[in-house]
Amino acid sequence: HASLTPFAGVEQLINTSAQHLLANAQAVWQGGEPFGVIFDRRPHDALDVGLYAPNCGLPLACAPGLDQGGVLVIDGQEWTVIEPVVADSSGWATVVLREGGNG
């Protein structure tokens, strides 16, 4: 029988492809297995002051439970999530970071 959510498989395929083809860094969440992320160091316009605020795009399935205050290790360096994490309907999220961990 036909799937009631035919686009869900396509979204998953797009996320997996983006993660594998566009990843420019490797992240680890809570000591788990490394996974590819799209790491960007451009200024974050939402702050309205042009401050340096890097961000990271990732499928939240790779970092279950990640939210504001969580620490990702990206290419061996700790980065803290500084805003609430909101995923799109496919489970992909872009998180805003600050350098360093919580400790």
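The values are calculated or read from the model by the stated rules, or taken from the named source; none is laboratory data. Owing to the predicted nature of the structure, the values given are computational and were not obtained by experimental measurement. Please note: Cβ atoms are built from the backbone with ideal geometry, for glycine as well, and neighbour counts cover all protein chains shown. Side chains included, ligands, DNA and RNA excluded: accessible areas come from the protein's heavy atoms. Shrake-Rupley method; radii C 1.70, N 1.55, O 1.52, S 1.80 Å.
Descriptive notes on the structure:
- Flag if G57 is in a strand (DSSP E or B), of a type outside the set (A, V, I, L, M, F, W, C) and either open to solvent by less than 70 Å² (accessible area, probe 1.4 Å) or modelled with pLDDT under 95 (or both): yes
- Residue in region 4-17 that is at pLDDT 75 or above, over 11 Å from the mean Cα position of the chain (by Cα) and surrounded by 14 or more Cβ atoms within 10 Å (Cβ to Cβ) present: no
- Cβ-Cβ under 8 Å pairs, at least 6 apart or on other chains, region 80-103 side closer than 12 Å to L66 by Cα and loosely packed, with under 15 Cβ neighbours inside 10 Å, far side of a type outside the set (A, V, I, L, M, F, W, C) and modelled with pLDDT of 95 or more: P84/D67; P84/Q68
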